[in-house]
Structure formats: C-alpha cells, structure tokens
Amino acid sequence: MSTEQINTKVKTIRGGRIRDIEDCLIQYISEGKLDCVDVIVVHVGTNNVSDGDSAIIDDYRNLICTVRQSLPRTELVISSILPRPTHYQANCTIYDVNNRLLSLEEQHVEILDNTLDFLYGDQPNLTLFADHVHTNVAGAKVLSHNIISCVNTMLNLSDCTSETQSNFQSVRSTGRRFIPFNTTTQQQNVFRQTYWR
C-alpha cells in the first residue's frame with residue numbers, strides 16, 4: 001500500500017466525551033460507513049477528566065468493545081490524552097488514565113502515547129497550546145504527525161521511517177519517560193506529586 005491509496009476522514013465532536021464518540025461510531029457502523037475502514041484513530045480531549053480515571057477507562061473499554069464486535073478486522077488506535085498546561089489535578093487524572101490505557105492493549109487496541117511530545121521537561125510545553133486546554137497550530141501539527149506516523153506503521157507504508165515509528169508505542173518504552181515502567185508505587189507517588197504542575 002502507498003500513501004496515494006489512503007483515504008482519510010476526520011470527524012470532530014466539539015465538547016464531545018468518549019461516549020459521544022462511541023455513539024457516533026455506532027451510527028456510522030449502522031449506516032455502513034466504516035465497513036471498509038482499515039484503521040480508526042480515537043483522540044479525546046479532557047472533557048471526561050472530571051469523571052475520574054476509572055470511569056474514563058470504563059468508557060474506553062465500552063468503545064473498544066463496540067468497535068471490536070462490529071468491526072473485527074479494523075485496527076483501533078487510542079491516542080493518549082494531552083496534558084492541560086495549567087491544571088495540576090486534571091493532569092494527575094490524565095497521567096493515571098494514560099498509564100492505565102496501556103493495559104487495554106490486551107483488547108486488540110494500539111495505544112499512541114503522545115505525552116513526551118507535549119512536555120518540556122516535566123511540564124506541559126506551553127508553546128504547543130493556545131490556551132489552558134486546546135493545542136495551537138504547532139501542537140496540532142505534533143499530534144497529527146504522531147497519528148500519521150502511527151497509521152503508517154500499522155499499515156506498513158513504504159514511507160514510514162524509524163524516526164516516525166518512535167512516536168508509536170504499543171508497549172511502554174523505558175527511556176521515553178522520566179520514570180521507568182517498573183517503578184514501585186512509592187516511586188510513582190513521588191513522581192506524580194511533581195508531574196505537570
């Protein structure tokens with residue numbers, strides 16, 4: 001397959017939550033709009049953050065189940081939630097959700113981990129955000145590059161390079177984070193307290 005054969009559709013649900021995306025997917029599935037789709041990439045913002053990490057993960061599981069049951073041959077990618085530049089408590093939830101997303105890979109879903117690309121040191125990179133929630137043009141370019149790289153890797157496209165593959169993580173890569181994957185709970189709690197202030 002070459003990049004000339006790719007047909008991409010983008011659906012934005014402003015103010016949407018994970019359940020809204022699932023409802024949209026159910027509608028598209030029932031209308032047959034996704035019958036020939038190779039890859040679905042889901043990226044949500046921070047609208048669900050106030051629900052807490054367990055509720056967010058439950059919503060992701062439901063969405064994954066919907067896609068897996070209805071479109072078993074379609075690859076599914078969940079893009080990690082981006083940090084909020086000025087909201088410490090939200091970032092604690094986002095950090096927890098993004099870590100728990102990795103456990104969902106057992107459900108035949110790939111996780112696109114964007115976190116490192118949106119941090120400067122251990123803080124959200126303010127040059128990638130237009131305000132305290134939304135990315136600016138530079139941030140949108142980083143996110144879209146990560147998604148394109150991920151899809152290129154999944155579809156084995158010929159123009160996929162090792163540089164673009166580095167943004168696609170199907171498992172946690174030590175060295176891409178400020179803490180190793182197998183840290184103790186005590187070490188994680190110390191890190192969490194200073195993460196994304």
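The residues on offer are LEU82, LEU101, LEU155, LEU128, and the sole one that is modelled with pLDDT under 90, in contact with a strand residue (DSSP E or B) (Cβ under 9 Å, 6 or more places away or on another chain), among the hydrophobic types (A, V, I, L, M, F, W, C) and surrounded by 13 or more Cβ atoms within 10 Å (Cβ to Cβ) is LEU155. Within region 125-140, being without any contact (Cβ under 8 Å) to a residue 40 or more places away in the chain, in a helix (DSSP H, G or I) and either farther than 25 Å from LEU76 by Cβ or more than 15 Å from the chain's Cα centre (by Cα) (or both) holds for THR127, LEU128, VAL137, ALA138.
For region 104-124, the set of residues classified as in a strand (DSSP E or B) and closer than 19 Å to THR86 by Cβ consists of LEU119, TYR120, GLN123, PRO124, listed by residue number. Residues that are of a type in the set (A, V, I, L, M) and modelled with pLDDT of 90 or more were ranked within region 104-125; the one that is farthest from ALA90 (Cα to Cα) is VAL109.
The number of residues in region 14-59 being among the hydroxyl-bearing types (Ser, Thr, Tyr) and within 21 Å of ASP96 (Cβ to Cβ) comes to 3. Among the residues of region 38-70, those that are touching a strand residue (DSSP E or B) at 6+ places or on another chain (Cβ under 9 Å) and outside any strand (DSSP E or B) comprise ASP38, VAL44, TYR60, LEU63, ILE64, VAL67, ARG68.
The set of residues from region 5-47 being out of contact with any helix residue (DSSP H, G or I) (no Cβ under 8 Å at 6 or more places or on another chain), over 24 Å from LEU155 (Cβ atoms) and among the basic types (Lys, Arg) comprises just one member, ARG14.
The values are calculated or read from the model by the stated rules, or taken from the named source; none is laboratory data. These numbers were taken from a predicted model, which means no experiment stands behind them. Every residue, glycine among them, receives a Cβ derived from its backbone with ideal geometry; neighbour counts consider all protein chains shown.
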